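Undergrad: Here it is, the structure, as structure tokens.
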Amino acid sequence: MQTVTTTPFGRRPVTACQIESSALAARPAPVPQVDKWELMKNLSLARDHFGVSDRTLSVLNVLVGVHGARMLSEGALLIVYASNAVLSDRAHGMPESTLRRHLAALVGAGLIARHDSPNGKRYVRRDGTGDAMRAFGFDLRPLLVRSVEIAVAAQAERERLAQAAALREEVVLLIRDAVKLADHAVAEGHPAEALTDRVALVRRQLRRKLPLAALAEARDQLKALVDKLRDSLAAEVERPVATVEMSGCDSRNERHIQEPDKEQSDSEGPDLDRTLRSCPDVLAYAPDGIRSWEAFIALMSRLAPMTGVDLATWTDACRSMGPREAATALAGIVQRIAEIRSPGAYLRTLAKKARAGRFEAERGLGQAA
């Protein structure tokens, strides 16, 4: 092995980084050889761990490319002695001042060592057979010595990136849930400012790369707010269903169901007999007949999921129209089921009209008949 120099040429003083790099280059390598391009791939992934930029690595890529053999091997001459002009040309015309800065950064990071000749020039001295005896320039041996360290750092970065991608995916899905739940909550008259404000903040944060801790914090905070709003909405959904099933939550609707003759005349809402005459198909699901609004509403509550109307839609219809009109509207849908592509969407439209004061179940019975 050639004599290793640890001091720079000219007026430049020796530094701790140069001494450390030269000492590193003299250590035994943990492996006999390593594929230089695989090593560069790992180093590019783990560059933050070694404190080098992608531009600095592009210069190292030039040095590695100038070295002829694909493998960096123990015992081989690993010194690159190409001139700055050659290196600059290989780096797509990089100014020599910039090149020198990146070379110094590589030495400082302990990825290469510098061995200056007596006159500061880079060259190789050969024997009578043409074999290289000694060379002066940039030593790539620290890459071989640190190859295992580089591979470990790259694997750790791959795992970190995978974890970040999974966290980011969770956050994006939570944002979608948050936006849709907040829209639904606002439409139902519930406050959702805390959630919408948090979503706006997280969306701004996602425009840049966030550390794992920040992603996890955003995920946890969003999840807590989404869960809280979802639980609140679920409680609201359950309350009207209990009204429809006669659990006693809403006194006004309860009286309509229990005392139809006293509280609601034919002129105040749909007529049960006319509803059953106009929508006879529902009678197939009531073998014992239907003798009261209570029985009719209970029947339609059971039929709702069978017709493709989900719980939230049925609950909203009961809240918007009142249980009698909602049950009458659903009976009309059952009667015309072959003509209605999406019963759930159709009932949601009727509920929306009811909230705007533009729906009366009696008018639809003529169409169902």
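The values are calculated or read from the model by the stated rules, or taken from the named source; none is laboratory data. Predicted model only: the values in this text are computed from it and were never measured. Heads up, the Cβs are rebuilt from the backbone with ideal geometry, glycines too, and the neighbour counts pull from every protein chain shown. Heads up: the accessible areas ignore ligands, DNA and RNA and are worked out on the full protein's heavy atoms, side chains in. Shrake-Rupley method; radii C 1.70, N 1.55, O 1.52, S 1.80 Å.
Undergrad: Sorted from largest down, give the three principal axis spans of the alpha carbons of region 157-226, whole angstrom values.
TA: Its Cα atoms span 47, 17, 16 Å along the three principal axes.
Undergrad: Next question. If r is the Cβ-Cβ distance from ASP231 to ASP197 and R0 is 25 Å, what FRET efficiency results, to the nearest 0.05? Walk me through the numbers on the way to the answer.
TA: Values: r = 19 Å, r/R0 = 0.77.
Using R0 = 25 Å, I get an efficiency of 0.85.
Undergrad: Using modelled backbone amide H atoms (1.01 Å from N, in-plane), which distant-in-sequence or interchain residues come within less than 5 Å of GLY137's amide H?
TA: Residues meeting the criterion, in which the H sits 1.01 Å from N, are HIS115.
Undergrad: Round to the nearest 0.05 the FRET efficiency obtained for ALA345 and VAL31 when R0 = 56 Å and r is the Cβ-Cβ distance. Write out the running numbers ahead of the final one.
TA: Numbers: r = 65 Å, r/R0 = 1.17.
My answer for the efficiency is 0.30.
Undergrad: Now for a different question. Suppose R0 equals 30 Å; then what is the FRET efficiency for ARG70 and ALA162 from their Cβ-Cβ distance, rounded to the nearest 0.05? Intermediate results must be reported in sequence, preceding the final value.
TA: On the way: r = 29 Å, r/R0 = 0.97.
That pair, ARG70 with ALA162, gives E of 0.55.
Undergrad: What whole-number distance in Å separates the alpha-carbon centres of region 138-182 and region 196-232?
TA: 20 Å
Undergrad: What's the center-to-center distance, using Cα atoms, between region 268-292 and region 52-98 in Å?
TA: 88 Å
Undergrad: What are the radius of gyration and Dmax of region 28-94, computed over its Cα atoms and given in Å?
TA: 12.7, 36
Undergrad: Okay, next question. Quote to one decimal, in nm, the extra length available between ARG291 and ARG101 on full extension: 0.36 nm per residue of separation minus the C-alpha distance between them. Don't skip to the answer; put the middle values down first.
TA: Working: separation 190, 0.36 × 190 = 68.40 nm, distance 9.27 nm.
Gain in length upon complete extension: 59.1 nm.
Undergrad: When we measure straight from the Cα of LYS228, which lysines land under 21 angstrom away, once same-chain ones fewer than 8 places off are left out?
TA: Counting by Cα, and skipping residues close in sequence, LYS228 has these lysines nearby: LYS180.
Undergrad: Let me ask something else about it. Once you place label points 7 Å from the Cα toward the Cβ at ARG176 and ALA338, how far apart are they in nm?
TA: 3.8 nm
Undergrad: Could you tell me what a quarter of the Cα convex hull surface of region 61-182 works out to, in nm² with one decimal place? Mind dumping the intermediate values first?
TA: On the way: hull surface 47.0 nm².
Approximately 11.8 nm², given one-decimal rounding.
Undergrad: Ignoring ligands, DNA and RNA, what percent of the accessible area of region 95-209 is carbon or sulfur (1.4 Å)?
TA: On the way: 3320 of 6360 Å².
Of all accessible area on region 95-209, carbon and sulfur atoms account for 52 percent.
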